[in-house]
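The structure appears below as structure tokens.
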Amino acid sequence: MAQRVKRGPDSKGRFGPYGGQYVPETVMYALAELEMSYRKLKKDKSFLAELRGYLSDYVGRPSPLYFAERFTAYLKGPKVYFKREDLNHTGAHKINNTVGQILLAKHMGKKRIIAETGAGQHGLATATVCARFGMECIIYMGAVDIKRQASNVEKMKLLGAKVVTVESGSKTLKDATSQAMRDWVTNIRSTFYIIGSVVGPHPYPMLVRDFQSIIGKETKRQCQKKFRRLPDAIIACVGGGSNAIGIFDSFINEKSVKLIGVEAAGHGLNSGQHAATLSKGKPGVLHGSYSYLVYDNDGQIILPHSISAGLDYPGVGPEHSALSDTGQVKYFSATDKQALAAFELVSKLEGIIPALETSHALAYLIAHKKEFKARQNVVVCLSGRGDKDMPIFFEKEKA
């Protein structure tokens, strides 16, 4: 194992060699302003109390740690617990971050909010908090994702957001992020960009991780209460990686806990149609950050593929890249087919419809169940609910 990653980032916004700020000079001002405001407010007792209040009364935290009894019986091995982020207001973990960032925007005097979205959960969470605080909201979303996540698009519009269709490139999350960044550069003084994952230029990977770390903090307390020790393993899906880093954060230095991230293998790791950045990628620069990416020999980004819009991204958060290099987190992948099977199985066994993103983590556990011993405690981060994915599932069923 390589040298362990220190709890960063460092003063230059890097986790080991990854991260940084690869942006135009006009954006550096906004990033410096954001970092200064965040570092000040994260020590402000009134700000922290305000954040806790919204997480409790508006989001509905803490989310339960649920024993999946029938799924456990099916696996015939480890005891499986779901960290129920699907029960948060708006149906996913994304709201933890948007509440934190909208409060930052409010304290910074920003009135115009932009965001990118893939599966629509971050867009929905952003539109929700903008409605709550009466702020202008513009959501950039790829045309492909708008089609496959129509229900979330309708909700965003109902909440008062303007949803901008992105027709460039793959018409998915990568291109929505690129368009949002172009907007930000153009309107840098008036606009606050709520990035949805632990990606982008510093300080975004740090502050998104910090806002999502509530997942791991709660999980640690709940495990101690339920079975009086730490879990043996934690499994989470990884696209950009915010739900995963959120639940891993409290356990990074706990050597007894195996941390497993599961990427999207799409049609297979050797098919050329996947989003398994850490499994098949190499370091490069995208959206203002140096991290693992999937690109060809000419340095051109390879269009990623995943049946889950939230994992359909050619990069990953820089902290995940560092944790992969050191081996502190092990990263694997699951295919579209495996995720769809897990989606259906868990729905029928537990009466819980998991998001297709989460279904990749569940699929890994199903495929590797024999690697876990009986009576071991395994926590899966149930990052979101799957009602948004019903059209995709039934379309595949008919095919």
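The values are calculated or read from the model by the stated rules, or taken from the named source; none is laboratory data. Quantities reported herein were computed from a predicted structural model and do not represent experimental measurements. Methodologically, a virtual Cβ is constructed for each residue, glycine included, from the backbone with ideal geometry; neighbour enumeration extends over all protein chains shown. The accessibility values were calculated without ligands, DNA or RNA, using every heavy atom of the protein model including side chains. Shrake-Rupley method; radii C 1.70, N 1.55, O 1.52, S 1.80 Å.
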- Note on the structure: Here the Kirkwood hydrodynamic radius of region 1-64, Cα-based and in Å, equals 14.8
- Task: Beta carbons within 10 angstrom, averaged per residue: use that to sort the peptides 158-165, 144-151, 239-246, 15-22, highest first.
- Result: 239-246, 15-22, 144-151, 158-165
- Debye-sum result for region 285-383 in log10 I(q)/I(0), which assumes one identical scatterer on each alpha carbon, at q = 0.13, 0.15 Å⁻¹: -0.58, -0.74
- Message: Can you give me the convex hull volume of the Cα atoms of region 24-155, divided per residue and expressed in Å³?
- Response: 169
- Note on the structure: Averaged per residue, the 1.4 Å probe accessible area of the chain, protein heavy atoms only, in Å², is roughly 40
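Select from region 235-299 those trypsin sites (Lys or Arg not before Pro) which occupy a DSSP coil region and have at most 13 other Cβ atoms within 10 Å, ordered by residue number. List each step's numbers first, then the result.
Working: sites: 255, 258, 280; in loops: 255.
Qualifying residues, ordered by number: 255.
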- Message: So in the chain, which Cys have no other cysteine's beta-carbon sitting under 4.7 angstrom from theirs?
- Response: 223, 237, 381
- Query: Between Rg and the Kirkwood Rh of region 106-216, both from Cα atoms, what is the Rg to Rh ratio?
  - Reply: 0.95
- With charges set only on the Cβ (+1 for Lys and Arg, -1 for Asp and Glu), what does the dipole of region 32-103 come to about its Cα centre, in debye to the nearest 20? 320
- Query: What list of ³J(HN,Hα) couplings, whole Hz, do you get for region 368-376 from phi and the Karplus terms 6.51, -1.76, 1.60, once you set θ to phi - 60° and write x for glycine and proline?
  - Reply: 10, 4, 6, 7, 10, 7, 4, 6, 6
- Query: Considering only 345, 301, 394, whose Cα is most displaced toward the positive end of the charge dipole of the chain, charges sitting on Cβ of Lys, Arg (+1) and Asp, Glu (-1)?
  - Reply: 345
- Message: With +1 on the Cβ of every Lys and Arg and -1 on the Cβ of every Asp and Glu, and nothing else charged, how large is the dipole of the chain about its Cα centre, in debye rounded to the nearest 20?
- Response: 1480
- Percent of alpha-carbon pairs separated by more than 34 Å within the chain: 21
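Using the Cα atoms of region 195-325 to build a convex hull, what is its mean projected area in square nanometres?
For region 195-325, averaging the hull's shadow over all directions gives 8.2 nm².
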- Message: Ignoring ligands, DNA and RNA, please state the percent of accessible area on the chain from carbon and sulfur, probe 1.4 Å.
- Response: 51
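Calculate, in nm to one decimal, what residue 301 and residue 348 gain on full extension: separation in residues at 0.36 nm each, minus their alpha carbon distance.
Difference between extended and current length: 13.1 nm.
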- Query: How high is the relative contact order of the chain, in percent, with contacts defined as C-alpha pairs under 8 Å that are six or more residues apart?
  - Reply: 21
- Query: Between the helical axis of 94-108 and the dominant principal axis of the chain, each derived from Cα atoms, what acute angle in degrees is found, rounded to the nearest 10?
  - Reply: 20
- Task: Rounded to whole Hz and in sequence order, give me ³J(HN,Hα) for region 30-43 from the Karplus expression 6.51 cos²θ - 1.76 cosθ + 1.60, θ = phi - 60°, writing x for Gly and Pro.
- Result: 5, 5, 5, 4, 5, 5, 4, 5, 5, 5, 6, 6, 5, 9
- Taking N as the number of residues in region 297-355, what is its alpha-carbon radius of gyration divided by 2.2 N^0.38 Å? 1.46
